[in-house]
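Where a number appears in this text, it was derived from the coordinates with a stated rule and is not lab data. Owing to the predicted nature of the structure, the values given are computational and were not obtained by experimental measurement. Positions of Cβ are generated from backbone atoms using ideal geometry, with glycine treated the same way; all protein chains shown enter the neighbour counts.
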Amino acid sequence: MYTSHEDIGYDFEDDPKDKKTLKPHPDIDGGWAWVMVLSSFFVHILIMGSQMALGVLNVEWLEEFHQSRGLTAWVSSLSMGVTLIVGPFIGLFINTCGCRRTAIIGGLLNSLGWVLSAYAVNVYYLFITFGLAAGFGSGMAYLPAVVMVGRYFQKRRALAQGLSTTGTGFGTFLMTVLLKYLCAEYGWRNAMFIQGAVSLNLCVCGALMRPLSPGMDGDGPEGKAPHHVLPAHSTESIRSSGQLRDAEEKRGGPGPEDSSLGDAPAQACQEKAAHRKDMCAFRLLKTVSQLTMRVRKGFWDWYSGYFGTASLFTNRMFVAFIFWALFAYSSFVIPFIHLPEIVNLYNLSEQNDVFPLTSIIAIVHIFGKVVLGIVADLPCISVWNVFLMANFTLVLSIFILPLMHTYAGLAVICALIGFSSGYFSLMPVVTEDLVGIEHLANAYGIIICANGISALLGPPFAGWIYDITQKYDFSFYISGLLYMVGILFLLIQPCIQIIEQSRKKYMDGANV
């Protein structure tokens with residue numbers, strides 16, 4: 001689902017020296033690495049699965065607050081969009097705090113957002129507690145899960161990422177069934193409270209994200225101030241202060257004959273207390289200095305990685321790819337949010353309760369990712385051709401969906417949507433073809449932001465169209481049309497490049 005973010009591991013913390021030490025590590029491609037895959041799998045279930053099942057809660061919110069569909073859809077789209085949009089900015093937390101702590105804090109924030117949303121009095125309350133708080137927490141827990149899998153695997157990275165991201169499909173199926181049951185038995189408020197408790201398992205998944213070396217994630221010796229080592233200037237300061245005391249004693253201080261024997265222990269205690277005070281002050285200063293340097297380094301790495309990539313925007317094919325991401329993702333998200341209500345409008349609730357249409361998309365999506373990935377790896381087939389064919393199939397399914405008014409017809413179209421959307425697993429490969437391996441992480445972060453904006457605006461747009469026309473048909477047609485425009489951007493740019501290259505050759509030949 002959110003696999004535009006799923007199938008590649010970012011390395012925010014490692015510098016070149018760290019990367020050299022990763023290869024001989026015994027946990028690379030084995031051992032604890034598979035625990036990372038299991039942890040990431042459950043993160044995908046708890047975050048992406050629950051977000052793709054929000055259509056169940058969207059129906060409850062419409063009945064509870066009696067607001068327009070466009071306004072109510074902002075709750076789900078905010079949560080989904082913020083999770084993706086903040087992805088590049090979570091790198092700042094990863095650089096300074098490490099993956100483990102970032103994921104644990106994200107799990108707590110996500111759980112808090114669910115619990116606070118159970119006490120919502122209006123839709124605007126949900127914007128803050130669920131859309132922003134839970135969405136930001138999801139982003140903080142989700143990105144470290146992807147990063148750690150990428151760090152623990154080198155030879156089997158694609159396999160590991162593929163296995164971990166299947167949690168999205170399983171989670172969508174499981175969370176849809178779970179939320180429907182909880183809402184029916186306990187009401188939507190108690191369902192959100194229970195889901196908040198379940199989301200605390202994200203902290204367990206984060207605790208399993210053990211850094212590869214002691215210095216990473218700030219958990220090792222490098223992240224703590226030493227207890228017995230002082231900087232050079234501190235020892236010199238203590239030494240100089242001691243010399244000043246001796247000089248004062250020689251110049252005008254009382255002689256041994258003038259001091260009583262009882263004052264010697266008190267003076268020694270005072271000197272020890274002053275010495276300990278100086279030591280504590282120096283340790284505190286060193287700790288603050290180390291923390292400041294760590295934050296500055298983390299911020300600079302983050303800034304240079306995501307905002308120092310202006311050269312990417314000189315690649316017109318990559319710019320076209322960004323436009324495609326802006327238009328394409330909303331067409332995939334809209335069915336997940338609005339299908340449960342569409343089923344109610346068509347009086348198909350009983351059949352949908354037996355096997356929800358969103359679950360069909362989720363399950364077939366798993367097979368689509370695997371099959372399309374295998375086909376794209378064949379030496380005789382171009383990844384771009386598979387990518388474009390899957391896009392055309394998806395946009396065609398979006399256009400056909402409003403024409404289906406039976407459960408069987410909708411189920412077939414949902415299966416096509418699920419299978420063709422498996423092209424998300426090919427997006428890292430396509431991005432690498434466009435910008436090269438050295439710019440892959442930065443370029444992919446930009447694509448993620450574009451996907452997040454699309455997920456943020458798509459569902460409210462569909463709700464507003466329904467409020468105006470009293471039909472969801474036009475929202476699918478318009479989103480499909482915009483999706484087609486994005487695909488045309490991808491097709492036109494290579495043609496323009498070929499024309500420009502031919503023109504350049506012609507001009508060079510004329511000059512000769």
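Observations on the model:
- Peptide ranges 163-172, 468-477 listed from the most packed, as the mean C-beta count within 10 angstrom indicates: 163-172, 468-477
- Segment 104-159 versus segment 363-435: alpha-carbon centroid distance in Å: 26
- For the pair residue 473 and residue 177, the difference between a 0.36 nm per residue extended length and the Cα-Cα distance amounts to 103.9 nm.
- Global geometry of segment 98-181, whether rounded, prolate or oblate, following the gyration tensor of its Cα atoms and the 1.5 cut on a/c: oblate
- Where trypsin sites (Lys or Arg not before Pro) fall in DSSP loop in segment 110-211, at most 11 other Cβ within 10 Å: 155
- Remark: spin-label model distance residue 375-residue 288 equals 6.2 nm, labels positioned 7 Å along the Cα→Cβ axis.
- Anisotropy class of segment 391-499 from Cα gyration tensor, a/c 1.5 cut: prolate
- Test item: Cα-centred dipole of segment 25-211, Lys/Arg +1 and Asp/Glu -1 on Cβ, debye: 560
- Gyration tensor (alpha-carbon) shape descriptor, segment 313-511, a/c threshold 1.5: prolate
- Full extension of the chain segment joining residue 367 with residue 128 gains 82.5 nm, where the gain is 0.36 nm per residue of separation less the Cα-Cα distance.
- For segment 25-211, a Kirkwood radius taken over Cα pairs fed into Stokes-Einstein (10 °C, viscosity 1.306 mPa s) yields D = 96 µm²/s.
- A full extension of the chain between residue 276 and residue 35 corresponds to an added length of 82.3 nm, given 0.36 nm per residue minus the alpha carbon distance.
- Approximate spin-label separation residue 154-residue 201, in nm, with each point projected 7 Å along Cα-to-Cβ: 3.3
- As a rough guide to protection, the peptides 113-123, 53-63 ranked by mean Cβ packing within 10 Å, highest first, stand as 53-63, 113-123.
- Peptides ranked, highest mean first, by Cβ atoms within 10 Å: ranges 277-283, 457-463: 457-463, 277-283
- Between residue 319 and residue 347, the modelled labels are 5.3 nm apart [label points 7 Å from Cα along Cα→Cβ].
- Note on residue 502/residue 403: beta-carbon distance plugged into 1/(1 + (r/R0)^6) with R0 of 35 Å gives a FRET efficiency of 0.25.
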